[in-house]
Every structure is written in C-alpha cells, then in structure tokens.
C-alpha cells in the first residue's frame, strides 16, 4: 500500500510541476476573441495544419496517438491553414476527402506522396489518381466533388477560422476556441500535447460542460 501511495504522490507532484511550468503568454496564448466551437458540451481541440507542411507530417503520428487516448468529452478536428494558392488547393483536397468519407484513408498517403515521394499533388490529375488508388474514387467523381460548392464553401470557412485563430504557422493547436499553442511557444511537439492536456483539464474543470446556462453563455463569451 505504501508503494502505491508513494507512486500516486510522485505522479501528483510531477503533474503539478508540469502545470506550474506552463504559463499563459509564454507557452500558450489566449485568443483576443474566443471562437465558437462545434459542440459546447465538449472540450474542442483543433489542429491547424497543411499537407504542404513537413512539420505537420512529422507531428501527425504523435497527434494520432494522443487522439486515440482522449475521453468522449474531447472533440478533435482538423482545419487546414491557407496561406497561398498551393495550401488552398490542398485544403480543397482535404474537404473533398471529408465529403467522400475517405478522410482517414487518404490522410497519411497525401503526406507521404508529397514529402516522401515528391509527387506534385497540386496537379489535379495526380491528386485524382491518388484518391482513386487509395480511396477507390473515380477521377470524374473526384473532380465533381473537388469543384463543388460544398467543398469550396468549407475552404472559405477554414480560411475564416484561420484568421479568427490568428494562425501564423502550423502545426498549431486551439483548445476550446480560447487558447492557441504552437511548437515555438511550447518548445517541442511533445510539450504541445502536454500543454493541450493541461488546458483541456482546465476547460473540463470549469464546470461549463454540465451547465446548460453556462453552455449558452459560452457562445457569447
């Protein structure tokens, strides 16, 4: 029993020490204006990313491992950042995959094709070929969805969200529409996720998740 108590004490001390190291304005920043989340009953974590970003590719396996360990009250989603036409094209491909329900199937293959094999996926024909190879999507179906109003609208919304999140680089993580973290502030990808855990616990402990009045108020926070 003593060994268990000592182990628990050590864990609490370690977590407390880590939390003490994470300071607002140093390791993470509060957004000037909170951004609405998709589901106010959950703590939302958003990754701003781009397939064009090698750092996003390298971060992705670690992020996926973190994602698999999250409780049901944490909602994770990705929002592609858009800095130029190339990034806009890749954002369009991301939402095309979402509409076709093959987001998970093509996510890593897009990263690998761009960064490991040097495939120019900004060429629509080559992107269509990848969707066919990995997701079984016919090229004409890919083209139709890729150029659809729905996909273009989602890209515009992603661009608007990026501006609201004050995105300056990727990968960047947004916690509950309130805090943003990037690798430069955090010091490393591992620390980014530790800070996210710290902030998720803070938002979870705020009591807003179980109070309908508080959830309603959160939309105007």
Problem - Whole-Å semi-axes of region 149-209's equivalent ellipsoid (Cα gyration tensor) - result: 24, 17, 9
Practice task
Go ahead and run the numbers for FRET between residue 75 and residue 125, Cβ-Cβ distance against an R0 of 45 Å, rounding to 0.05.
Solution key: 0.80
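What translational diffusion coefficient, to the nearest whole µm²/s, does region 103-157 have by Stokes-Einstein, given a Kirkwood radius computed over alpha-carbon pairs, a temperature of 10 °C and 1.306 mPa s viscosity? Can you show the working numbers first?
Values: Rh = 11.7 Å.
Value of D from the Cα-based Kirkwood radius: 135 µm²/s.
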Exercise for the section: Please grab the % of Cα pairs in region 25-218 that end up more than 25 Å from each other. Expected result: 38
Exercise for the section: Calculate the spin-label point distance for residue 39 paired with residue 108, positioning each point 7 Å from the Cα along the beta-carbon direction, and give it in nanometres. Expected result: 2.5
Handout entry: Inter-label distance, nm, simple model (7 Å from Cα along the C-beta direction), residue 62/residue 140
Key = 4.6
Exercise for the section: Would you calculate the separation in nanometres between label points at residue 160 and residue 23, each defined as 7 Å from the Cα along the Cα-to-beta-carbon direction? Expected result: 3.8
Fill in the blank from the handout: Final fewest-first order of 26, 35, 178 on the 10 Å Cβ neighbour count is 26, 35, 178
Fill in the blank from the handout: Using the Kirkwood formula on alpha carbons, the hydrodynamic radius of region 42-137 in angstrom works out to 14.0
Handout entry: Sequence of 65, 148, 50 once ranked by neighbouring C-beta atoms within 10 Å, starting from the fewest
Key = 65, 148, 50
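Going by how many other beta carbons lie within 10 Å of each one, how would you line up 146, 83, fewest first? Could you put the intermediate results ahead of the total?
Numbers: 146 21, 83 16.
Fewest-to-most Cβ neighbours within 10 Å comes out as 83, 146.
Read-outs: derived from the displayed coordinates by stated rules, not from any lab. Predicted model only: the values in this text are computed from it and were never measured. Quick reminder, even Gly has a Cβ in these numbers, built from the backbone with ideal geometry, and neighbours come from all protein chains shown.
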